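Before any comments, here is the structure.
The values are calculated or read from the model by the stated rules, or taken from the named source; none is laboratory data. Note that the structure is predicted; figures quoted are calculated from it, not measured. In this analysis, Cβ positions are derived from the backbone assuming ideal geometry, glycine residues included, and neighbour counts consider all displayed protein chains. In case anyone asks, the SASA skips ligands and DNA or RNA and just uses the protein heavy atoms, side chains included. Shrake-Rupley method; radii C 1.70, N 1.55, O 1.52, S 1.80 Å.
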2 protein chains.
Amino acid sequence: MSENKLNPDTRERILDFAEREFMAYGYEGTSMRMITSAAGVNLAAVNYHFGSKEGLLREVFRRRLGWLNGERLRVLTTLEEQAKGTPLKPSQVLEAFFGTLLRIGEDDAHGGMTFLRLLGRTLTDPAEFIRTFFASEYAEVIERYKLALFRALPDVPRAEIVWRLHFMLGAMSYAIAGTDVLQVITGLGIGDAAGEALDAKSEAKKLAERLMPFLLGGLRAPLPSAMAAAKRAAPTRRRASDLAEKKR
Amino acid sequence: MSENKLNPDTRERILDFAEREFMAYGYEGTSMRMITSAAGVNLAAVNYHFGSKEGLLREVFRRRLGWLNGERLRVLTTLEEQAKGTPLKPSQVLEAFFGTLLRIGEDDAHGGMTFLRLLGRTLTDPAEFIRTFFASEYAEVIERYKLALFRALPDVPRAEIVWRLHFMLGAMSYAIAGTDVLQVITGLGIGDAAGEALDAKSEAKKLAERLMPFLLGGLRAPLPSAMAAAKRAAPTRRRASDLAEKKR
DNA sequence: CTTTGGTTCAAACGTTCGTTTTATACTAGG
DNA sequence: CCTAGTATAAAACGAACGTTTGAACCAAAG
């Protein structure tokens, strides 16, 4: 008896091609025959290695999310050790959480843009088993980062921080999904002002550069209550900003 | 021959229940039998009234998006007329675009939270016919609002504005989809700090109150280039903010 | 060599899918 | 009354689905 020697070729091939097909057509829209014929393996191999189609999807994500969320926890722990008890800056927390993810886009060894797109598209899938799977995969890392943000923004109500974490996840998820109405309308991907097509790695880098400031700006925006108070005090005032809106 | 007298009951019933089922299980995950048996109509009625399952989905969205995007155009036109040629404020543009959408959540006559969730979940669906459909439905309104933002932020590179519009759409889409990892982990919906369940209308109102400041903060965040320049000038400085991050 | 257990394969299983067909009722116009 | 035209109904269609079966293959252990 060989000690649990699975055939690495077939198993990994299935995962690689499943990742791509699920990304392109969604979970329900992808048949096992599409995957196995693309991978050049027998149809029954999926059920042999992963038990079921659901099991296959779970393994596709576990393979990537296990590494990603482990890395996220590791990076956050390192930052907190370096800070020696003082709260981290919000930008550090965001960089650790979103930067670690976005760097996958430039790293084909961990799935590259294919996996990022798959993740973005699957995070809003309503299927019950997918949602509970993500919940368990993300539970620890979300909890840790939530606490880090609470400490980084001690004067902001915690409920408000949770809301904004929610919004940031959304902006990221949708941005990496890359099925945007804007993109479809403009034809190509977002690309450049000139509109030339970009390879996946440049695309990932541009995305990260653009997304991080947006998230930070959203996270630190005035609270609704603060805005209402400001409006009462000086109804027409404009807020200072590094952006183009003129200072008052 | 009666002049195109469709049976409003059956047709509308199908649309109403299709909306709900598609929201709960996704397009591919919903069978026509699920819809027709929930609506209490004959299976063949869908093909009779809408031609196909794809045609049904398109009509589900056309019914709502037609009104929504018409309203968006109307509101923007009114604002621009009132401004008499001067650029609008970014907050006005966002309010017109996102506020008009979010108010649907409180308005069951236009689909309420059911439609908002369906929209959020379907915007990232990779199916080709869905994406091209959305592209054509949104083309005009996106173009108009893009130009309004260009005028509202004349000193910001246009490519940057398109990126941020993209991110804002994502934050909104994901937020209204309401299938967030955070929500699954915390059990209930986002609800309140106390965690009590909220009815759909209060939920919609809370969401709008929280989302709009976030979007505005993200839209007006410092540009990547500005941040790099600031970092060169004073590497450790903190930005002033109405939020809690303390000034140094 | 024989045996054993992990792996691949072709074929078939029963179910469910979207769609079509055919027949029947109902509603006006002539 | 009769007749189109519209709408609903029940039943069936072929195709595609996820899964299972049972035999074949193959490397290593006994």
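Within the range A:43-68, residues that are free of Cβ contacts under 8 Å to residues at least 12 places away in the same chain sit with their Cβ atoms under 7 Å from residues that are among the hydrophobic types (A, V, I, L, M, F, W, C) and within 12 Å of DNA strand C (Cβ to nearest atom), at 6+ positions apart or across chains, in these pairs: A:43/A:32. Any residue at all in the range A:6-23 that is outside any helix (DSSP H, G or I), aromatic (Phe, Trp, Tyr), more than 8 Å from DNA strand D (Cβ to nearest atom) and touching a residue at least 40 places away in the same chain (Cβ under 8 Å)? The answer is no; no qualifying residue exists.
Selection within the range B:24-51: residues that are of a type in the set (Ser, Thr, Tyr) and under 28 Å from the mean Cα position of the chain (by Cα). The member of this set that is nearest to DNA strand D (Cβ to nearest atom) is B:36.
What helices (runs of 4 or more DSSP H), lying completely within the range B:27-95, carry at least 3 residues that are at pLDDT 95 or above, more than 10 Å from DNA strand C (Cβ to nearest atom) and in the same structural domain as residue B:141 (by TED's automatic domain parsing)? Let's see the steps before the verdict.
Numbers: elements: B:32-39, B:44-50, B:53-83, B:90-94.
Correct list: B:53-83, B:90-94.
Report whether or not residue B:11 is of a type in the set (Lys, Arg) and touching a His at 6+ places or on another chain (Cβ under 6 Å). I'd like the intermediate steps shown before the answer.
Numbers: of a type in the set (Lys, Arg): yes; touching a His at 6+ places or on another chain (Cβ under 6 Å): yes.
Here the answer is yes, as residue B:11 does meet what is asked.
Among the residues of the range A:70-103, those identified as away from every other protein chain (no Cβ under 14 Å) and within 19 Å of residue A:219 (Cα to Cα) are A:76, A:96, A:100.
Of the helices (runs of 4 or more DSSP H) lying entirely inside the range A:135-248, those containing at least 2 residues that are at pLDDT below 95 and in the same structural domain as residue A:91 (by TED's automatic domain parsing) are A:158-177, A:181-186, A:200-219.
Among the candidates A:111, A:105, A:99, the residue that is over 30 Å from residue A:53 (Cα atoms) and under 13 Å from the mean Cα position of the chain (by Cα) is uniquely A:99.
Kindly provide the set of residues from the range B:42-59 that are open to solvent by less than 30 Å² (accessible area, probe 1.4 Å) and touching a Phe, Trp or Tyr at 6+ places or on another chain (Cβ under 9 Å), ordered by number.
Filtering the range B:42-59 for residues open to solvent by less than 30 Å² (accessible area, probe 1.4 Å) gives B:45-46, B:50, B:55-57.
Residues satisfying the conditions are B:56, B:57.
Every listed requirement among (1) over 25 Å from residue A:30 (Cβ atoms); (2) touching a helix residue (DSSP H, G or I) at 6+ places or on another chain (Cβ under 8 Å) is met by residue B:37 save one, (2).
Taking residue A:121 as the residue in question, decide whether it is assigned to a helix (DSSP H, G or I) and closer than 23 Å to residue B:121 by Cβ. I'd like the intermediate steps shown before the answer.
Values: assigned to a helix (DSSP H, G or I): yes; closer than 23 Å to residue B:121 by Cβ: yes.
Criteria met by residue A:121.
Scanning the range B:20-41 for residues that are buried (at least 20 other Cβ atoms within 10 Å of the Cβ) and touching a Pro at 6+ places or on another chain (Cβ under 7 Å) turns up just one, B:26. Taken over the range B:104-153, residues that are at the interface with chain A (Cβ under 7 Å from one of its Cβ atoms) and at positive phi amount to 0.
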